[in-house]
Amino acid sequence: MVDASWLKKTKLFESLEESQLNVILSHSTIESFPEGKVIFSRGDEATFLYVLIEGAVDLSVATQEQIGFMSSKIQKEGETFGIPSLLEPFRYNVTAKCLMATKVLRIEVRQIKKKMEEDPKMGMEIMKKLASIYYTRLNDLRMGVSKLLKGFPLKTP
């Protein structure tokens, strides 16, 4: 069951108070998607934030050949994706595709952003956690690129 105590276990919302969590839940729905379903595409207007309940989602930037490049997987309960819904220019920067049947908490962020402005402490807590999540994903991506590049011989003149 998704309630305030469940939402408090997520990294993004762990430092919020129960009343703040209930505001978020009041603007949320549970959505189910089949394997292969694209939840959102890179470049789409970002109006929802998602929290994984069960399943797995691939976040990727596809090349023209549609080969997943720079991909990460969301597969742990409570992981958040769709973060650009809280950051200008409010456009998704990856495509999110279900790797299996997936259930998520879909949060409509328009009212959440308004609440973050009205309650600066709430806004600051969410933005601090958001930065931490982005930083961790960036470092994971860097490590992956570094490992990939180590497989190519270095040519020196």
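Data for the structure
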{"item": "Formal net charge of residues neighbouring Arg91 (Cβ-Cβ distance under 11 Å; K, R +1; D, E -1)", "result": "-2"}
{"item": "At least 24 Å along the helix axis (C-alpha) and Kyte average at least -0.5, DSSP helices within the chain", "result": "120-150"}
{"item": "Segment 78-157: C-alpha gyration tensor shape, a/c 1.5 cut-off, then a/b vs b/c", "result": "prolate"}
{"item": "Gain in span if fully extended, Lys8 to Asp140, counting 0.36 nm per residue against the direct Cα distance", "result": "45.1 nm"}
{"item": "Footprinting exposure proxy for Phe152, Phe48 (fewest neighbouring C-beta atoms within 10 Å first)", "result": "Phe152, Phe48"}
{"item": "Counted charge near Asp3, where neighbours are those whose Cβ lies closer than 11 Å (Asp, Glu -1; Lys, Arg +1)", "result": "+1"}
{"item": "Relative contact order for the chain, counting Cα pairs under 8 Å that sit 6 or more residues apart, in percent", "result": "29"}
{"item": "Centroid-to-centroid separation of segment 83-142 and segment 24-43 [C-alpha atoms, Å]", "result": "13"}
{"item": "222 nm mean residue ellipticity, helices alone, for the chain (DSSP H n ≥ 4; -39,500 (n - 2.57); rounded to 500)", "result": "-11500 deg cm²/dmol"}
{"item": "FRET E, pair Lys150, Arg42, Förster distance 22 Å, beta-carbon r, rounded to 0.05", "result": "0.20"}
{"item": "Among the listed pairs Lys37/Lys73; Lys8/Lys129; Lys9/Lys37; Lys76/Lys115; Lys11/Lys114, those beyond 23 Å (Cα-Cα)", "result": "Lys9/Lys37; Lys76/Lys115"}
{"item": "Net +/- balance of residues flanking Ser41 in space, Cβ distance below 11 Å, scoring K and R +1, D and E -1", "result": "+1"}
{"item": "Residues in segment 42-57 reached by a label modelled at Ser71 [backbone nitrogen below 20 Å; 7 Å Cα→Cβ]", "result": "42-44, 52, 54-57"}
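Just so you know, all these numbers are worked out from the coordinates, no wet-lab data involved. Keep in mind the model is a prediction, meaning the values are calculated, not measured. Positions of Cβ are generated from backbone atoms using ideal geometry, with glycine treated the same way; all protein chains shown enter the neighbour counts.
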